[in-house]
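S.K.: So that we are looking at the same thing, I have put the structure below in structure tokens.
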Amino acid sequence: MSDTTRRTMLAASASLGAGLAASPLLAQTTGPRPAMTDTSRQAPGFYRFKVGEAEITVLNDGFVARRAEGMVRNVALPEVETALRSSFIDPNALENPYNFAVVRTGGKTYVIDAGFADNGPATTGQAAVNMRAAGIDPDAIDAVIVSHFHPDHINGIRRKDGTLTYGKAEIHVPEAEWAFWMDDARMAQAPQAQRNAFNLSRRVFAPIAGQVRRFSGEREVVPGIIAVPTPGHTPGHVSFIVASGSAKVLIQGDVSGNPWLFVQNPGWHSSFDMDAQMAEATRRRVYDMAAVERMPIIGYHFPFPAVGYVAKDGNGYRFGLAQWRSVV
Ligand SMILES: [Zn+2]
């Protein structure tokens, strides 16, 4: 750079600075600074966007970190670790996030799955705070609609003290999930690892068994929200399509967990999938459809704000996060 060029640039930046100092925008920020409050926390974990006339708010309920070991049944650990490292994820501290959606459509407000409330590990249970920050009143929820009965999805329906988190909400659940998890004979025969889910299903639903609405097959559960059976992860696992005008979003529940493992490699079998073959077939069917339709997908265990897309890529799918938008 010549001296002349440097002098010209310095002069330009000096005049730019002078211009900024005179601007009323900057003047607002030059007064006394407010005292620092708690800087150890992120901004509230909610993210809002529109699907046609429907308004979706994704709420983050926290995370649990675990090791990659044992997470994929049919692939050797080094290959799993390589897949994670190549996506810049530490295989020894793989964070599994929990995100559920609040859907406002047709003048009603619905919660799709419910997180942990105060029943989970210390790094979970953030959804109540995030819901408040998003300006949503739990008493204004018209219905809770459930994808499946795993604890991270239903525990938040009822707090530890037994009270219902969404006091005025109807509860809608897949009939096939109810039939499986509320079956006492099946519970008696279940392996120890599944006992927790059987017990929690009773904790949440038994006191309101008569009021729980059960749906089956592909059908509109409430106006604007269509249930699509997506079994494999659990026997009666269901996903939901929110449709408004020509716009749609797929709320996939646990069709896959971590996208860099199981979307990119749909043939990898998660240790959380109860019927791994069926879960793989479901993944391929669901993602083939979403890829053709270029449909956005909300994944319960996708990284916040948990909205992404899939595209066909060889024998698997390429995963892309949706762009974070600063306007709704
Ligand atoms: Zn889950």
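The values are calculated or read from the model by the stated rules, or taken from the named source; none is laboratory data. Everything quoted here is computed from the prediction, not taken from an experiment. Backbone-built Cβ (ideal geometry, glycine too); neighbour counts: all protein chains shown. What goes into the accessible areas is simple: the full protein's heavy atoms, side chains included, and nothing from ligands, DNA or RNA. Shrake-Rupley method; radii C 1.70, N 1.55, O 1.52, S 1.80 Å.
S.K.: Among what's in segment 265-288 and is in contact with a Lys or Arg (Cβ under 7 Å, 6 or more places away or on another chain) and assigned to a loop (DSSP other than H, G, I, E, B), pick the residue that is nearest to the ligand (Cβ to nearest atom).
M.R.: Filtering segment 265-288 for residues that are in contact with a Lys or Arg (Cβ under 7 Å, 6 or more places away or on another chain) and assigned to a loop (DSSP other than H, G, I, E, B), the one nearest to the ligand (Cβ to nearest atom) comes out as 271.
S.K.: A further question follows. Would you check which residues across segment 101-135 are surrounded by fewer than 17 Cβ atoms within 10 Å (Cβ to Cβ) and within 16 Å of the ligand (Cβ to nearest atom) and list them?
M.R.: 121, 123, listed by residue number.
S.K.: Kindly list the number of the only condition in (1) open to solvent by less than 80 Å² (accessible area, probe 1.4 Å); (2) of a type outside the set (Phe, Trp, Tyr); (3) touching an Asp or Glu at 6+ places or on another chain (Cβ under 7 Å) that fails for residue 214.
M.R.: Condition (1) is where residue 214 drops out.
S.K.: Sticking with this structure for a sec: Is there a residue being open to solvent by less than 10 Å² (accessible area, probe 1.4 Å), touching a helix residue (DSSP H, G or I) at 6+ places or on another chain (Cβ under 8 Å) and not β-branched (Val, Ile, Thr) anywhere in segment 218-232?
M.R.: Yes, segment 218-232 contains at least one residue that is open to solvent by less than 10 Å² (accessible area, probe 1.4 Å), touching a helix residue (DSSP H, G or I) at 6+ places or on another chain (Cβ under 8 Å) and not β-branched (Val, Ile, Thr).
S.K.: Just for strands (runs of 3 or more DSSP E) wholly inside segment 39-121: which have at least 1 residues that are polar (S, T, N, Q) and at pLDDT 95 or above?
M.R.: 54-66, 94-105, 108-112
S.K.: Kindly list the number of the only condition in (1) closer than 20 Å to residue 176 by Cβ; (2) within 15 Å of the chain's Cα centre (by Cα); (3) in a loop (DSSP other than H, G, I, E, B) that fails for residue 240.
M.R.: With respect to (1) closer than 20 Å to residue 176 by Cβ; (2) within 15 Å of the chain's Cα centre (by Cα); (3) in a loop (DSSP other than H, G, I, E, B), residue 240 is out only on (3).
S.K.: Does segment 136-147 hold any residues that are within 16 Å of the ligand (Cβ to nearest atom) and either free of Cβ contacts under 8 Å to residues at least 12 places away in the same chain or surrounded by fewer than 24 Cβ atoms within 10 Å (Cβ to Cβ) (or both), and which are they?
M.R.: 144
S.K.: If you take the residues in segment 304-326 that are of a type in the set (Lys, Arg) and assigned to a strand (DSSP E or B), which one is least open to solvent (accessible area, probe 1.4 Å)?
M.R.: Only one residue fits best here, namely 312.
S.K.: Next question. Can you spot a residue in segment 181-188 that is modelled with pLDDT of 95 or more, within 16 Å of the ligand (Cβ to nearest atom), of a type in the set (A, V, I, L, M, F, W, C) and over 21 Å from the mean Cα position of the chain (by Cα)?
M.R.: For segment 181-188, residues modelled with pLDDT of 95 or more, within 16 Å of the ligand (Cβ to nearest atom), of a type in the set (A, V, I, L, M, F, W, C) and over 21 Å from the mean Cα position of the chain (by Cα): present.
S.K.: Can you tell me which residues in segment 148-176 are part of a loop (DSSP other than H, G, I, E, B) and within 12 Å of the ligand (Cβ to nearest atom)?
M.R.: Answer for segment 148-176, where residues must be part of a loop (DSSP other than H, G, I, E, B) and within 12 Å of the ligand (Cβ to nearest atom): 148, 149, 150.
S.K.: What pairs come out if I take residues in segment 299-316 that are touching a residue at least 40 places away in the same chain (Cβ under 8 Å) and closer than 20 Å to residue 134 by Cβ and pair them with residues that are of a type in the set (Phe, Trp, Tyr) and part of a strand (DSSP E or B) whose C-beta lies under 6 Å away, six or more apart or interchain?
M.R.: 305/47
S.K.: So residue 170 fits all but one of (1) open to solvent by less than 50 Å² (accessible area, probe 1.4 Å); (2) touching a residue at least 40 places away in the same chain (Cβ under 8 Å); what number is the exception?
M.R.: Looking at each condition in turn, residue 170 falls short on (1).
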